[in-house]
Structures are given as C-alpha cells and as structure tokens.
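Peer 1: If you scroll down you'll find the structure; I have some questions about it.
Taken together, the values in this text are just the output of simple stated rules run on the coordinates, not laboratory data. In this text, all values refer to a predicted model and were calculated from it rather than measured experimentally. Here the Cβ positions follow ideal geometry from the backbone for every residue, glycine too, while neighbour counts run over all protein chains shown.
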Amino acid sequence: MIPLSEKEKKEKLIDLIALSKIAGIGPNRMYSLIERFGTAGAVLSHTVADLTDIPGIGSTLAGNIVRDHNRKEAAEAAERIIKMGWRIIMFDDPLYPPPLANVVDKPPFLFYMGEYLEADRNAIAIVGSRLASDEGHLFAEQLAAALAEHGVTVVSGMARGIDTAAHRGALDAGGRTIAVFGSSLDRIYPPEGKDMATQILNSGAIFSEFLPETPPLGDNFPRRNRIISGLSEGVVIIEAAERSGALSTAAHALAQNREVFAVPGSPRRRHSRGTNELIKQGATLLTSAEDIFTQLPRLGQKTRKVQLQHAADLTDVERDILQYFSEGPIHIDNLTREMNAPVSDLLQILLALELKGVVRELSGKRYILN
C-alpha cells in the first residue's frame with residue numbers, strides 16, 4: 001500500500017469525522033459502508049438508493065447520510081486537531097494499536113499524546129470504584145507497581161479512586177501506563193488530574209476517540225471502557241458496586257475475549273458486591289500479580305524476559321543462566337543438566353545473583369526469579 005500524503009490523511013480524517021457525526025452511524029455500520037464503497041468519502045458521495053442496498057441501512061439513515069453530513073464542520077475539527085499536535089491513528093493505519101485492531105466496534109479514529117510503544121502490547125487494565133477504600137487504593141497501587149516492575153503496561157481511565165491509584169503505582173515503579181479519556185484530550189478529567197496527565201505523557205500515552213472540546217459526559221464513559229479493555233490482554237476489577245462503570249469494562253472485556261480478574265472483598269461492603277458477583281460468574285479471583293501470570297503465561301514469560309534483559313550489573317554468564325528461569329522455579333540438578341556445568345560453578349553464580357537481588361532460593365535447592 002502506498003503511504004498517504006499529509007494532505008490525503010487530512011482529507012481521509014475529515015470524511016471519517018463527517019460520517020461518524022451522522023445520527024445512527026456507529027463503528028459497525030461505518031465499517032460495513034466503507035467495506036462496500038471503499039472509503040468514507042465514497043460513502044458520502046453516493047445516493048440514497050445506493051446506500052439502502054447495504055444491510056441495516058434503511059431509507060431514513062441513507063437520507064441522513066446524503067443530506068445531513070457536514071464536511072465543513074468536520075474540516076474545522078480536523079484543523080483544530082492538527083494545530084493542537086494530537087497524533088492521529090485511523091482504523092486501517094498500520095500503527096493502530098494491534099490489541100485494539102481486532103475489536104469489532106473499534107473506534108474509526110483515535111487521538112493520542114505521548115508515546116505508544118510495541119512493548120505496550122503487553123498490557124493489563126486496572127479499573128474500579130471512584131469511591132474506593134484506603135485498602136482498595138493501596139492494593140491497586142501495589143498491583144500496578146508489581147506489573148510495571150515486570151514490564152507490563154498498566155491501562156486505566158484516570159478517574160478518581162482505583163484508576164488514579166493504578167496509574168500512580170505504575171509511575172512510582174518507573175513503569176509505563178496508558179490513560180483513556182472519556183472526554184477529548186483538551187478536557188482533562190477530573191480537573192485535579194493535570195499533574196498526573198503530565199507524568200503519564202512522560203511514561204506512556206493518553207488516548208481518546210472524542211473530537212476537540214468534548215466534555216466528560218456520562219454516555220462517553222461506557223464507550224471509553226471498550227478501548228481500555230481493547231488495549232489490554234486482561235482486565236482487573238478492584239472494588240465495584242453491583243452497577244458501575246468498572247463492570248461495564250468487564251463486560252467489554254468478555255465480549256472481546258479478554259481475561260477478567262476480580263479482587264474479592266467483604267460481602268458486607270457495597271463496593272465488593274460487583275467484584276464478588278464477577279467471581280461467582282467465572283472471573284478469575286485475584287490476590288496478586290502472580291494470578292495474572294498464571295492465567296496469562298505468555299504475558300508472564302515475555303515480561304520476565306524483558307525484565308531480565310534490562311537487569312543491571314549482570315555478567316554475560318549470569319544473563320545466560322537466567323534464561324532458564326522464564327518458566328518458573330528450577331531445581332539445581334535440572335539447571336546442571338540444562339547448562340552442562342558443574343554444580344559448584346552454578347552455586348557460585350546463583351549466590352552472586354542472590355546478592356544482587358535477582359533470584360532467591362526456595363526449599364529443596366530450587367531457585368526462582370526474585
């Protein structure tokens with residue numbers, strides 16, 4: 001495919017915005033129309049008769065598309081986006097986040113600031129109550145920090161409560177984190193989150209599908225939640241009432257074939273009823289980051305290898321031996337056979353790694369990454 005020029009990208013964005021703003025056009029209908037006619041611009045140029053040939057597009061909606069699209073207004077929005085320096089990714093762009101690209105109702109366009117890296121594909125979302133307990137805040141911070149230390153990117157919505165604690169834990173651990181807004185990028189919400197947003201931009205990215213000057217309206221957050229789960233391999237719910245936005249994220253995760261984890265709580269606490277119900281319905285009960293790595297072994301193996309590659313002050317021999325730990329604890333006898341080396345030599349290397357805090361010894365001469 002020949003790359004588009006900047007002018008062509010802008011025209012394509014204008015057409016997508018114009019089509020998306022027509023009442024009754026959601027992502028699924030938009031993709032059906034584009035699949036039939038080739039581009040959003042082509043959709044806007046066809047007649048009512050042409051459009052009604054598409055399943056699910058009746059005469060009323062076809063008429064809306066032909067008569068009601070406002071390309072001038074869409075062009076003004078695109079111009080503001082470009083002037084503000086937002087990064088733009090459209091649904092068929094090779095740079096579109098791979099985990100989200102396979103979601104059926106993915107946003108036709110995304111705006112973001114910061115950096116989205118290949119390593120951010122290894123991501124876990126952490127969401128929960130805005131009215132979280134002190135214990136919930138602490139657990140969210142500790143869980144996010146543990147994931148960040150293993151090279152996992154933490155995704156959340158930067159809302160008050162659990163979301164903020166999750167971002168904070170990842171940042172304090174020196175890890176990466178991604179926030180997804182329920183407003184446009186120029187409307188930081190909550191207002192006191194400006195400092196955190198700045199920190200996230202230095203260690204991750206902030207995403208939104210909303211056009212400039214979009215306030216944090218209530219209906220935006222369920223839409224936002226599908227992006228949070230879509231960017232992640234799994235979703236952790238910490239403290240959620242029986243009806244809450246966090247459970248909306250869990251529902252999106254299940255529809256997207258993502259793993260759902262729930263932290264149990266006292267049945268007497270209102271904000272534990274939703275998470276306890278999720279566990280009864282089959283969500284994985286979570287008490288530590290290890291529960292995530294057990295349920296998602298591919299993620300655990302990859303992130304442990306990332307951690308090993310960046311471990312400081314290791315010799316080449318020490319790095320070589322650590323590759324045998326990616327699957328979990330290993331017995332000294334098995335390590336001897338794998339490396340074809342004397343036990344005495346390996347014990348010296350393992351002692352050095354223990355002193356560096358990289359491995360620790362378990363019972364029965366087994367060793368594990370620390």
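Peer 1: Which distance in nm do the two modelled labels at GLU338 and LYS365 give, with both placed 7 Å along the Cα-to-Cβ direction?
Peer 2: Each label point is offset 7 Å from its Cα along the Cβ direction, giving 1.6 nm.
Peer 1: Evaluate the stretch 187-254: find the radius of gyration of its Cα atoms, find its Kirkwood radius, and give the ratio Rg to Rh.
Peer 2: So for the stretch 187-254, dividing Rg by the Kirkwood Rh gives 0.97.
Peer 1: Right, next: Pairs of Cα atoms under 8 Å, at least six residues apart: use those to get the relative contact order of the stretch 226-284, whole percent.
Peer 2: 38
Peer 1: Does the stretch 115-207 come out rounded, prolate or oblate by the C-alpha gyration tensor, with a ≥ b ≥ c the root eigenvalues, rounded set by a/c under 1.5 and, if not, prolate when a/b is larger than b/c and oblate if not?
Peer 2: Since a/c reaches 1.5 but b/c is at least a/b, the shape of the stretch 115-207 is classed as oblate.
Peer 1: Now a separate question. With N denoting the number of residues in the chain, provide Rg(C-alpha) divided by 2.2 N^0.38 Å, to two decimal places.
Peer 2: 1.15
Peer 1: While we're on this one: Which one of ALA18, ALA352, ALA241 has the biggest mean-square fluctuation once the chain is modelled by GNM with Cα springs under 10 Å?
Peer 2: Top of the fluctuation ranking is ALA352.
Peer 1: What trypsin sites (Lys or Arg not before Pro) does the stretch 215-244 have in DSSP loop regions with at most 15 other beta carbons within 10 Å?
Peer 2: ARG243
Peer 1: In Å, the Kirkwood hydrodynamic radius of the stretch 162-212 over pairs of distinct alpha carbons?
Peer 2: 11.1
Peer 1: Further question on the same structure: What's the magnitude of the charge dipole for the stretch 81-171 around its Cα centre, counting Lys and Arg as +1 and Asp and Glu as -1 at the beta-carbon? Answer in Debye, nearest 20.
Peer 2: Taking the Cα centre of the stretch 81-171 as origin, the dipole is about 280 debye.
Peer 1: Now for a separate question. Which pairs, out of LYS12/LYS72; LYS7/LYS194; LYS106/LYS194; LYS12/LYS106, put more than 24 Å between their alpha-carbon atoms?
Peer 2: Long pairs (Cα-Cα over 24 Å): LYS7/LYS194; LYS106/LYS194.
Peer 1: Charges at C-beta only: +1 for Lys and Arg, -1 for Asp and Glu. How large is the resulting dipole of the chain about its Cα centre, in Debye rounded to 20?
Peer 2: Roughly 840 debye for the chain.
Peer 1: Further question on the same structure: For the chain, what is the calculated [θ] at 222 nm in deg cm²/dmol (nearest 500), taking -39500 (n - 2.57) for each run of four or more DSSP H residues and dividing by its residue count?
Peer 2: Value at 222 nm, helices only, nearest 500: -14000 deg cm²/dmol.
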